[in-house]
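Here's the structure, in structure tokens; my notes come after.
Laboratory data are not the source of any read-out in this text; all were calculated from the coordinates shown. What you see is a predicted model, and the numbers here were worked out from it, not measured in a lab. No Cβ is skipped: glycine too gets one built from the backbone with ideal geometry, and neighbour counts run over all protein chains shown.
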């Protein structure tokens, strides 16, 4: 199992669109992937579960991945979240 800690950077947080992006990303890997916020852990393959975390801007999340491609999965989730789900304002 691998873990990564990330901070939600996009202003609107993990609303429906980012949650669906995370769920879709989870389908690309053999590994199971979870997000943890304030002790609550949810599996990333469910949009509703991810939204229940209520991760707003500046929330700290832990990505947990376990399986044959856990490193790749954790890296992909970390990049998507760090990139603000494509919602970071351009300056």
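Listed here are the residues, each with its yes/no results for (1) in contact (Cβ under 8 Å) with a residue 40 or more places away in the chain; (2) surrounded by 16 or more Cβ atoms within 10 Å (Cβ to Cβ).
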{"position": "22", "(1), (2)": "yes, yes"}
{"position": "33", "(1), (2)": "yes, yes"}
{"position": "42", "(1), (2)": "no, yes"}
{"position": "55", "(1), (2)": "yes, yes"}
{"position": "66", "(1), (2)": "yes, no"}
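Count, please, the residues in the stretch 24-37 that happen to be within 15 Å of residue 54 (Cα to Cα) and under 10 Å from the mean Cα position of the chain (by Cα).
Looking only at that region, the number is 3.
I need a count of the residues in the stretch 73-91 that are surrounded by fewer than 16 Cβ atoms within 10 Å (Cβ to Cβ) and more than 17 Å from residue 17 (Cα to Cα).
Summing the residues that are surrounded by fewer than 16 Cβ atoms within 10 Å (Cβ to Cβ) and more than 17 Å from residue 17 (Cα to Cα) in the stretch 73-91 gives 3.
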